[in-house]
Each structure stands twice: as C-alpha cells, then as structure tokens.
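Encoded as structure tokens, the structure appears first; notes follow it.
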Amino acid sequence: MQTPLVSILIPFKNTENFITNCLTSIIQQSYTHWELLIVDDHSTDGSFQIVEQFASKDHRIKLLKNDGQGIIDALRLAFQHSTGELVTRMDSDDIMRPNKIEVLVHQLLTYGKKHVALGQVHYFAEDGIKAGYKSYETWLNALTEKGTNYSEIYKECVIPSPCWMIHREDLIACDGFNPNRYPEDYDLAFRFYKHDFKCIPCDVVLHEWRDYSYRTSRTHVHYAENHFIDLKLNYFLELDYNHNKTLVVWGAGKKGKTIAKALTTLNIPFEWICDNPKKIGKDIYGTLLKPFKALETIKSPQSIITVANKTEQKVILEYMNSLKLKAIEDYVFFC
C-alpha cells in the first residue's frame, strides 16, 4: 500500500476536558504517515498547554495560534501550513477509531482524485444521545453506506464534518476554507457537490462524535437554523434551480415563509402551497397560498418542500413518486 502524507487539520478552543483523548486517538492510528496541524483559537482554559506537551513529544504535531477569529480562520491557517497529499479534518473533542486514517487513505487510493472518502459516525455523550442526534446519525450513515450523500443535500449537511478525506488539489480546486460562510462544514459539502466530487461508499464506523451542551454547533449564532436556510437556498438557486420549470414552495411555516420572502425579494416567481386551511387562500408577500392538490395543475413544477413532519414527508414523497417526479430535478426537501 502506498503511504502518502496525510494532513490532519484541527481547530480547537477550550476543549481541555476532551483534547487528550482526541490526540491520543490520533497517535494510536494504524496509519502513521500523518502530520497534525492543530490551531488554538484563543483558548482561555488549559487546552493549549495540553497540546503543547503532546507536540513536544511527537514531531508530527505542529501547534499554531489563530491570528484571526473562529473556525474558518483557524482551518485556513492549518491548511496553509500543511504539506500532505491528502487532507482531512478532525474535531478536538472527538475520537478517531484506530483504523480511521488507514481506511480513508485506502478509499482515496482506490478511487482516485475527484472523490471524497467518508466514514460512518457514532454519536456519544455522558448523559446519553438525544433522539434528534441519533436520527441524524442513522440518516447520515445510511447515505454514506451507499455513497448517495448528495441525494438529500438540501435536508442537512450530508458530509460528516470531522470524517472526510480528499486529495489536496481537489480541496484547492473547490476553494476549501476560503469563503467566510457558515456553517463551514455544510458549505464545504455543497462545494464538493458543485464540483461533482463523488462520495465513496463506506459501511464502517470510523469516528466517535461527541455531543455535549456547550459544543460550538449548539451555541454559536453561525449555526442557527436561519443560516442553514440561506445557505441551502443560495446553492439551490445556483446549482439546481431550473428556470424552465415552475418553482413551488411547500409549507407556510417559519421555513416556508423565510424562503418565500427571499424569493419575493429576489423577484423569482413561484407558486405557494400548504395544507393549513387557515392559510389557504391568503395572500402573503404578494403570493396566494393554494392547497397541496393544486400541484397537479401546475405545469412542470420544481418543488422546495419545507414540511417538517416526518409522517407528512413520507406522504409527500409517495405522492411525488406517484407523479413520477425525481429528487433534485423535480423536488428537494429543505428539512
């Protein structure tokens, strides 16, 4: 097996309770030809000192201090100092399974450039995993097992942020870490999609993903749901919106209204349907809401579905299938 150098990029801030386990899991990897670029994002606890001790004992660990602010600046700095042919990201509060790097490297060497190597993930927490995270884990792993991650890219982030690997030149080609756009992991997934980098199927759990109440994705404003909607809509309009079809927004809840308002501001015409009898027939943002059955009268529809209820989503999906409509091409789920 070839042994290309792998650059592991880690931003960290105030993770002294977890970072020892993280670094130990990297040092114990079965694949040993790696370099770790680990960037302190202005920690105020003992994280820096812990990493400093590890770096003094292992020349593969390069400790840097963020000269900017936040995860994106830290990732940029780490990448600038990296030299590996292959690049991966890791979170400082998570744990790698012993064969993680070996499996990801093998995938990329097998499939070649313009591919993204992925692994399945397992959430864990001291007080147990909430149902929402378990559901996300199950959904994400099912996509990763088949390599069909992009098929549902408008729902949530389909690339596990700390469990991917890519060729260096491919990351450069999609301008990795350069747009100052959050959530940065979801944005990167969309850029992999935009550049048609194929997801390599993987049926092995490679990453232990830690959950706790004060992790960044739970607390930072950049990870609020409204940013997800903006990101999704911008990429949809750029990559998948068909101007020859009639755009249809499903649902008049918070997400539906946010999308409808944005489309109105952009002067993009659309039809708006919902199943709420109190809203059907009302004019909101200059568009009249119609019942779901109105879809059958709309010529060449392309739907953005914002209905969050899982049971209703299944009904809608069955309805789409009955009309022989195709995912992405004819409809996308934004929830």
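The values are calculated or read from the model by the stated rules, or taken from the named source; none is laboratory data. These numbers were taken from a predicted model, which means no experiment stands behind them. Glycine also receives a Cβ, built like all others from the backbone with ideal geometry; neighbour counts cover every protein chain displayed. Accessible surface is based on the protein model in full, side chains and every heavy atom, while ligands, DNA and RNA are left aside. Shrake-Rupley method; radii C 1.70, N 1.55, O 1.52, S 1.80 Å.
Mind listing just one residue for me: the one in segment 128-146 that is of a type in the set (D, E, K, R) and open to solvent by 80 Å² or more (accessible area, probe 1.4 Å) and, of those, nearest to CYS335 (Cα to Cα)? So that I can check it myself, show each step before the final result.
Of segment 128-146, the ones of a type in the set (D, E, K, R) are 130, 134, 137, 145-146.
In the following step, the residues that additionally are open to solvent by 80 Å² or more (accessible area, probe 1.4 Å) were identified as 130, 134, 145-146.
Details: LYS130: 18, LYS134: 16, GLU145: 21, LYS146: 21 Å.
Only one residue fits best here, namely LYS134.
Which of the residues belonging to segment 160-176 are assigned to a loop (DSSP other than H, G, I, E, B) and more than 17 Å from ILE71 (Cα to Cα)?
Restricting attention to segment 160-176, the residues satisfying the condition of being assigned to a loop (DSSP other than H, G, I, E, B) are 160-163, 174-176.
Matches in segment 160-176: CYS174 only.
When only residues in segment 302-311 that are surrounded by 13 or more Cβ atoms within 10 Å (Cβ to Cβ) and modelled with pLDDT of 90 or more count, which is farthest from GLY132 (Cα to Cα)?
Going through the qualifying residues, I end up with GLN302.
Taking ARG76 as the residue in question, decide whether it is surrounded by fewer than 23 Cβ atoms within 10 Å (Cβ to Cβ), in contact with a Gly (Cβ under 8 Å, 6 or more places away or on another chain) and either among the aliphatic types (A, V, I, L, M) or over 26 Å from PHE124 (Cβ atoms) (or both).
Numbers: surrounded by fewer than 23 Cβ atoms within 10 Å (Cβ to Cβ): yes; in contact with a Gly (Cβ under 8 Å, 6 or more places away or on another chain): yes; either among the aliphatic types (A, V, I, L, M) or over 26 Å from PHE124 (Cβ atoms) (or both): yes.
Taking the combined requirement at face value, the residue satisfies it.
Is there a residue in segment 212-223 that is at pLDDT 95 or above, open to solvent by less than 30 Å² (accessible area, probe 1.4 Å) and either assigned to a loop (DSSP other than H, G, I, E, B) or within 26 Å of GLY119 (Cα to Cα) (or both)? Break it down stepwise before answering.
If we filter segment 212-223 for residues that are at pLDDT 95 or above, which is where we start, we get none.
Within segment 212-223 (the criterion being at pLDDT 95 or above, open to solvent by less than 30 Å² (accessible area, probe 1.4 Å) and either assigned to a loop (DSSP other than H, G, I, E, B) or within 26 Å of GLY119 (Cα to Cα) (or both)), the answer is no, since none of the residues qualifies.
Which ranges mark the helices (runs of 4 or more DSSP H) fully within segment 1-107 that have 1 or more residues being under 19 Å from PRO162 (Cα atoms), out of contact with any Pro (no Cβ under 8 Å at 6 or more places or on another chain) and acidic (Asp, Glu)? Spell out the reasoning first.
Values: elements: 19-27, 47-57, 70-80.
Per the criteria, 70-80.
I'd like the full set of residues that are open to solvent by less than 70 Å² (accessible area, probe 1.4 Å) and touching a residue at least 60 places away in the same chain (Cβ under 8 Å), limited to segment 317-329.
Across segment 317-329, the qualifying residues are ALA327, ILE328.
Pairs needed: first member in segment 232-248, open to solvent by 50 Å² or more (accessible area, probe 1.4 Å); second member anywhere, not in a helix (DSSP H, G or I); C-beta distance under 6 Å; at least 6 residues apart or different chains.
Taking only residues 6 or more apart or on different chains, the pairs are ASN242/GLN302.
Within the bounds of segment 52-64, is there any residue that is open to solvent by 20 Å² or more (accessible area, probe 1.4 Å), within 29 Å of ALA308 (Cα to Cα) and small (Gly, Ala, Ser)?
no
Out of LYS261, LYS299, LYS314, LYS293, which single residue is part of a loop (DSSP other than H, G, I, E, B), at negative phi and open to solvent by 20 Å² or more (accessible area, probe 1.4 Å)? If you could, list the steps in order and put the result at the bottom.
Details: LYS261 fails: part of a loop (DSSP other than H, G, I, E, B); LYS314 fails: part of a loop (DSSP other than H, G, I, E, B); LYS293 fails: part of a loop (DSSP other than H, G, I, E, B).
Every option except LYS299 fails the conditions.
Which residue out of ILE61, ILE95, ILE27 is touching a strand residue (DSSP E or B) at 6+ places or on another chain (Cβ under 6 Å), touching a residue at least 12 places away in the same chain (Cβ under 8 Å), under 20 Å from GLU208 (Cα atoms) and not charged (D, E, K, R)? Spell out how you get there, then give the answer.
Working: ILE61 fails: under 20 Å from GLU208 (Cα atoms); ILE27 fails: touching a strand residue (DSSP E or B) at 6+ places or on another chain (Cβ under 6 Å).
None of the other options fit; the residue is ILE95.
Would you please name the residue that is farthest from MET90 (Cα to Cα), looking only at residues in segment 100-110 that are of a type outside the set (A, V, I, L, M, F, W, C) and more than 22 Å from the chain's Cα centre (by Cα)?
Initial filter on segment 100-110 (of a type outside the set (A, V, I, L, M, F, W, C)): 100, 102, 106-107, 110.
Adding the requirement that they be more than 22 Å from the chain's Cα centre (by Cα) leaves 102, 106, 110.
Details: GLU102: 15, HIS106: 18, THR110: 22 Å.
This residue is THR110.
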